[in-house]
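Novice: There's a structure below that I have some questions on.
The values are calculated or read from the model by the stated rules, or taken from the named source; none is laboratory data. The structure displayed is predicted, hence computed values, not measured ones. When we count neighbours, we look across all protein chains shown, and the Cβ atoms used for this are built from the backbone with ideal geometry, even at glycine.
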Amino acid sequence: MKRASICCIGLAMLVTACGSHGTTRLTIYASRGMTETTFHLRCSPAAGDVPDPASLCMRLEKRSREMLSPKITSVCSGNPIDSGGVGVRGTYEGRRVNMATSDCAQPVGIAAYRLWASGLPSPFGPRS
């Protein structure tokens, strides 16, 4: 009986450890001109205060490299009153994340910005 209890406790610890490895909890800092706000996103299960957490988690799963590691090769020189930016910090699938990009960072910084912004509400989301 004692051996069975020890085995069950060991199995429970292993399952708990496996489940926490792939955790995704991100804080998204968004700005557009003089307006700034913070959003939160969790995946597996999808939750947070973005308009559609499940959709943003799915986009992140498919395009994580573009969204979390953009290779920015130039600095913005746009209008600061109208420019937008996104910063992301936290953990993605258990790995630390700390990145920032904007809607004028060339060439792939813009793509990363648009991927994030498309999941955020106005005025940070897509513009018409």
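Novice: Among residues belonging to segment 75-128 that are modelled with pLDDT of 85 or more, of a type in the set (A, V, I, L, M) and touching a Phe, Trp or Tyr at 6+ places or on another chain (Cβ under 9 Å), point out the one that is surrounded by the fewest Cβ atoms within 10 Å (Cβ to Cβ).
Specialist: The qualifying residue surrounded by the fewest Cβ atoms within 10 Å (Cβ to Cβ) is Ala100.
Novice: Residues being touching a Cys at 6+ places or on another chain (Cβ under 8 Å) and at pLDDT 95 or above: count how many of those fall in segment 44-59.
Specialist: Within segment 44-59, residues that are touching a Cys at 6+ places or on another chain (Cβ under 8 Å) and at pLDDT 95 or above number 3.
Matching residues to (1) at pLDDT below 90; (2) surrounded by 10 or more Cβ atoms within 10 Å (Cβ to Cβ); (3) within 13 Å of Cys57 (Cα to Cα); (4) touching a strand residue (DSSP E or B) at 6+ places or on another chain (Cβ under 8 Å):
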| site | (1), (2), (3), (4) |
| --- | --- |
| Lys2 | yes, no, no, no |
| Leu11 | yes, yes, no, no |
| Leu14 | yes, yes, no, no |
| Gly19 | yes, yes, no, no |
| Leu26 | no, yes, yes, yes |
| Glu36 | no, yes, no, yes |
| His40 | no, yes, yes, yes |
